[in-house]
Amino acid sequence: MPLARPRDNAMIAGVCAGLAQRFGMKPSTVRILFLLSCLLPGPQFVVYLVLWILIPKR
């Protein structure tokens with residue numbers, strides 16, 4: 001399945017839901033992993049914004 005942001009399962013922008021569908025995971029698992037990664041130093045929020053722009057909406 002190609003990477004795309006779903007309209008029906010999106011919480012904010014649908015980035016985590018799109019990644020979950022692409023890799024066969026539950027959206028809640030990807031969301032929790034993203035939130036936990038935000039506790040680490042790094043550009044996670046910037047990556048999320050870039051993915052929001054780059055991943056097409058389905």
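The values are calculated or read from the model by the stated rules, or taken from the named source; none is laboratory data. None of these values were measured; they are calculated from a predicted model. With ideal geometry, Cβ positions are generated from the backbone for all residues, glycine too; neighbour counts draw on all protein chains shown. Please note that ligands, DNA and RNA were not included when accessible areas were found on the heavy atoms of the full protein model with its side chains. Shrake-Rupley method; radii C 1.70, N 1.55, O 1.52, S 1.80 Å.
Here are a few things to note about the model shown:
- Restricting attention to region 1-57, the residues that are surrounded by 15 or more Cβ atoms within 10 Å (Cβ to Cβ) and among the small types (G, A, S) add up to 7.
Here's the yes/no breakdown for (1) of a type outside the set (D, E, K, R); (2) at pLDDT 95 or above:
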site: N9; (1), (2): yes, no
site: V15; (1), (2): yes, yes
site: A20; (1), (2): yes, yes
site: G24; (1), (2): yes, yes
site: I32; (1), (2): yes, yes
site: S37; (1), (2): yes, yes
site: V46; (1), (2): yes, yes
site: W52; (1), (2): yes, yes
site: K57; (1), (2): no, no
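- Among residues of region 36-58 that are under 23 Å from M1 (Cβ atoms), those with a beta-carbon under 7 Å from a residue that is open to solvent by 70 Å² or more (accessible area, probe 1.4 Å) at least six positions away or on a different chain give the pairs K57/R7; R58/R7.
- Selection from region 18-35 of residues that are under 10 Å from L3 (Cα atoms) and among the hydrophobic types (A, V, I, L, M, F, W, C): L19, A20, F23
- Entry remark, region 11-49: residues being hydrophobic (A, V, I, L, M, F, W, C), outside any helix (DSSP H, G or I) and touching a strand residue (DSSP E or B) at 6+ places or on another chain (Cβ under 9 Å) number 1 in total.
- Residue tally, condition in contact (Cβ under 8 Å) with a residue 12 or more places away in the chain, aliphatic (A, V, I, L, M) and closer than 12 Å to W52 by Cα, over region 1-10: 2
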